[in-house]
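Working notes, beginning with the structure itself.
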Amino acid sequence: MRRLSLWVLRLIGWRMEGQLPGPKCVLIGAPHTSNWDFPIGLLLFWSLDIDAHWVAKHTIFRWPIRGLLRALGGIPLDRTNTENFVDQMVERFALSERLVFALAPEGTRKHTDYWRSGFYWIAHGAGVPIALAYADYARKVGGIGPSFVPTGDIESDMEKIRAFYADKVGKHPEKLGSIRLRSEAEEAGASSAVPSA
């Protein structure tokens, strides 16, 4: 699969780089602005010999592609019932010798005001690194950048993430949202709503 993936990537003009920080990590992918991010992401994983697991809306896990999606590492997520999802993933890490869990913190291909923070708390709870993956459509380069073990100071750690993704361009740049947490988005909204003296 690796050779085929590398051949396809060369054929479409893409180059991949980087490597995983170890056998266990939470791998986040950004920017996420297009349906093309999924096949490019899979080619990235396969070209780097990464057996990744990922979550997607449970509604896409339908016949006739349900089995294929699961075979590709898919885990269905019912967004109306995400209670204890972080705890479930932390437990899965504890029971696994090797686990790469990939997700897009934006949670959607549309513009969003904030990132979901589950990726951070899964990595923190499991004591595993967060690896920063990307698909930069401007340069047609994808890969895995730096990684770090979350400190628990999410605001400080988000600065590292923002700095890394600052120059990465999605397929549809106009859909790119802010790299910030929900609390930061709400704070910014509250600040702009306060009338000036």
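A short reminder: the numbers here are calculations on the coordinates, not readings from a lab. Not measured: the values here are computed from a predicted model. Glycine also receives a Cβ, built like all others from the backbone with ideal geometry; neighbour counts cover every protein chain displayed.
What length, rounded to one decimal in nm, is gained on full extension from residue 35 through to residue 12, with 0.36 nm per residue of separation minus their alpha-carbon distance?
Details: separation 23, 0.36 × 23 = 8.28 nm, distance 1.61 nm.
Computed gain between residue 35 and residue 12 is 6.7 nm.
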Exercise. Out of these labelled values of Cα extents along the principal axes in Å, (i) 82, 32, 32; (ii) 63, 39, 35; (iii) 60, 49, 44, which was calculated from the coordinates shown here?
Worked result: (ii)
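Based on the Cβ-Cβ distance from residue 1 to residue 141, what FRET efficiency comes out when R0 is 22 Å, to the nearest 0.05?
Details: r = 21 Å, r/R0 = 0.94.
Taking R0 as 22 Å, the efficiency between residue 1 and residue 141 is 0.60.
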Exercise. Given a Förster radius of 22 Å and the C-beta distance between residue 58 and residue 178 as r, what FRET efficiency does 1/(1 + (r/R0)^6) yield to the nearest 0.05?
Worked result: 0.25
Exercise. Long-range amide H contacts for residue 53: which residues qualify at under 5 Å (H placed 1.01 Å from N, peptide plane, sequence gap of 5 or more or a different chain)?
Worked result: 100, 101, 102
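Among 14-26, 59-71, how do they line up from the highest to the lowest mean number of other beta-carbon atoms within 10 Å? Provide the component values of the computation, followed by the final result.
Working: 14-26: 17.6, 59-71: 11.0.
Packing proxy ranking, top to bottom: 14-26, 59-71.
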Seminar exercise, completed: Any GluC sites (Glu not before Pro) in region 83-169 that lie in a DSSP loop and have at most 11 other Cβ atoms within 10 Å would be 83, 97
